[in-house]
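**Q** Have a look at the structure that comes next, please.
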Amino acid sequence: MSKLSYKKLFKKMIDIDMKNTGLMEQANISRSTFYKIKNGENVTTDVLLRICNVLECDISEIVECVEE
């Protein structure tokens with residue numbers, strides 16, 4: 001079974017020196033939604049696209065499908 005992994009997102013944030021709160025503010029993401037991402041839970045594509053807009057990247061650069 002596959003699931004989504006957000007490891008790429010957190011690596012990208014480290015690479016550009018962006019803090020969690022900075023991403024939440026700029027992408028207009030609630031704390032609870034951010035913690036869903038942090039815990040590997042599902043979020044809407046709208047949230048992922050807002051993150052992509054802030055980071056100026058493609059969705060494949062922040063999320064990947066991995067086997068459990």
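**Q** Quick check on the range 19-44: of everything there that is surrounded by 15 or more Cβ atoms within 10 Å (Cβ to Cβ) and of a type outside the set (Val, Ile, Thr), which residue is nearest to Lys3 (Cα to Cα)? Can you show your working first?
**A** First pass over the range 19-44, keeping only residues surrounded by 15 or more Cβ atoms within 10 Å (Cβ to Cβ): 20, 23-24, 27, 29, 33-34, 36-37, 43.
Retained after the next criterion (residues that are of a type outside the set (Val, Ile, Thr)): 20, 23-24, 27, 34, 36.
Values: Asn20: 22, Leu23: 23, Met24: 23, Ala27: 23, Phe34: 17, Lys36: 13 Å.
This residue is Lys36.
**Q** Related question: Go through (1) out of contact with any Cys (no Cβ under 8 Å at 6 or more places or on another chain); (2) touching a residue at least 12 places away in the same chain (Cβ under 8 Å) and name the single condition Ser5 misses.
**A** (1)
**Q** Something else now. Only residues that are under 12 Å from Leu4 (Cβ atoms) and surrounded by fewer than 16 Cβ atoms within 10 Å (Cβ to Cβ): list them for the range 45-68, please.
**A** If the condition is that a residue be under 12 Å from Leu4 (Cβ atoms) and surrounded by fewer than 16 Cβ atoms within 10 Å (Cβ to Cβ), then Thr45, Ile59, Ser60, Glu64, Cys65, Val66, Glu67, Glu68 are the ones that fit.
Laboratory data are not the source of any read-out in this text; all were calculated from the coordinates shown. For clarity, every value in this text was computed on a predicted model and none was experimentally measured. Methodologically, a virtual Cβ is constructed for each residue, glycine included, from the backbone with ideal geometry; neighbour enumeration extends over all protein chains shown.
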